[in-house]
């Protein structure tokens, strides 16, 4: 179950990402945003520059020997956003019309929840993939 606080944060993250889309292999602000959130959660095993702008973080807890990887895509499409919402794309010709802002947010929320979960035992690799749409 996601706490109200985490749900509120996730809504803000998604809106931030939706407002600031970046095309494949140019997700520099997005990668920086992801790294800052991961560090906020206390995750410090973070590799950047994977496939240019990708991020891979590792969270290990307890004595569990099992490892799982979860992946989210970070890039947007080359489409003009016309929703006129307060968090519409601020970048002409770029829009998160494919849901990658949501995918990234979901993986960040998963990282936040697992980083706080004292019963979690094992290793999880959090993969934030650049350029999924065309790369």
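Evaluate the range 29-43: report whether one residue or more is farther than 21 Å from residue 9 by Cα and surrounded by fewer than 14 Cβ atoms within 10 Å (Cβ to Cβ). Outline the logic, then answer.
To start, the set of residues in the range 29-43 that are farther than 21 Å from residue 9 by Cα comprises none.
Scanning the range 29-43 turns up no residue that is farther than 21 Å from residue 9 by Cα and surrounded by fewer than 14 Cβ atoms within 10 Å (Cβ to Cβ).
Quick one: count up the residues across the range 4-18 that are over 12 Å from the mean Cα position of the chain (by Cα) and buried (at least 18 other Cβ atoms within 10 Å of the Cβ).
Result for the range 4-18: 1.
Any residue at all in the range 119-131 that is assigned to a loop (DSSP other than H, G, I, E, B), within 15 Å of residue 23 (Cα to Cα) and out of contact with any helix residue (DSSP H, G or I) (no Cβ under 9 Å at 6 or more places or on another chain)?
Taking the range 119-131 first, the residues assigned to a loop (DSSP other than H, G, I, E, B) are 119-121, 130-131.
Now restrict to residues that are within 15 Å of residue 23 (Cα to Cα): 130-131.
Next, from what is left, pick out any that are out of contact with any helix residue (DSSP H, G or I) (no Cβ under 9 Å at 6 or more places or on another chain): 131.
Yes; the residues of the range 119-131 include at least one that is assigned to a loop (DSSP other than H, G, I, E, B), within 15 Å of residue 23 (Cα to Cα) and out of contact with any helix residue (DSSP H, G or I) (no Cβ under 9 Å at 6 or more places or on another chain).
For residues that are surrounded by fewer than 14 Cβ atoms within 10 Å (Cβ to Cβ) and more than 26 Å from residue 6 (Cβ to Cβ), tally how many sit in the range 79-107.
5
FYI, it's all coordinate maths here, none of it is from the lab. Nothing here was measured: the structure is a model prediction, and the numbers come from that model. Methodologically, a virtual Cβ is constructed for each residue, glycine included, from the backbone with ideal geometry; neighbour enumeration extends over all protein chains shown.
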